[in-house]
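Read the figures in this text as sums done on the coordinates, not as results from a lab. Remember, it's a predicted structure, so these values are computed and weren't measured experimentally. Cβ placement follows ideal geometry from the backbone for every residue including glycine, while neighbour counts extend to all protein chains displayed.
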Amino acid sequence: MKKTNIKVEEFIRVDHAGERGAVKIYEGQLLALNTIVKDENLKQTIEDMKIHEIEHCQFFEDEIKKRNITPTKFLPLWDLLGVSLGFGSTLLGKKAAMLCTASVEEVIDKHYLDQINQLGPEEKELKKKITKFRQDELHHKDIAYEKGASKDGLYSLMDKIIKTGSKIAINISEKI
């Protein structure tokens with residue numbers, strides 16, 4: 001078996017963690033929507049976006065196995081934080097739930113673009129998948145703003161907190 005390039009290994013490790021984190025955020029939001037907050041339209045929007053995240057996560061799960069890459073050791077913590085972020089943001093209301101999606105997707109947009117620009121021709125298939133996934137994420141961001149995401153007032157603080165947390169998780173997950 002061919003040894004995976006260290007940079008590509010980091011890309012796959014962090015993308016696996018990130019897509020799994022996105023699934024967990026949506027699971028947390030759906031938990032809130034199925035127990036405390038009743039909003040069938042928001043629930044349907046989140047369920048639709050979660051389908052893409054599951055597809056993305058499965059791709060990176062398969063790549064991890066195929067290339068024999070060790071997943072980040074922080075998966076259990078990211079799972080817990082993802083569910084908590086999703087649940088908590090939804091308890092704050094629809095604007096906060098949609099801002100959670102928009103904030104994460106804005107970080108992922110830049111993250112995926114950086115990876116696309118670094119991948120060489122030997123990783124054509126991986127580059128194609130990440131390009132497609134980036135388009136899905138941009139679509140999710142657009143949906144979030146259409147459905148009420150806002151950075152007005154205290155929401156701007158929430159945006160900064162979510163983006164900072166996402167960037168920290170990315171930096172850790174690449175390496176550990």
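Quick rundown of the values:
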item: Only Lys, Arg (+1) and Asp, Glu (-1) charged, at Cβ; the chain dipole about Cα centre in debye; result: 440
item: Helix 6-35 vs. the chain, principal-axis angle (Cα, 0 to 90°, nearest 10); result: 20
item: Peptide ranges 46-58, 87-99 listed from the most packed, as the mean C-beta count within 10 angstrom indicates; result: 87-99, 46-58
item: Rg over Rh, two decimals, segment 106-151 (C-alpha only, Kirkwood Rh); result: 1.11
item: Option label - Rg and Dmax of the Cα atoms in Å computed here, alternatives (i) 19.9, 62; (ii) 15.9, 53; (iii) 18.6, 58; result: (ii)
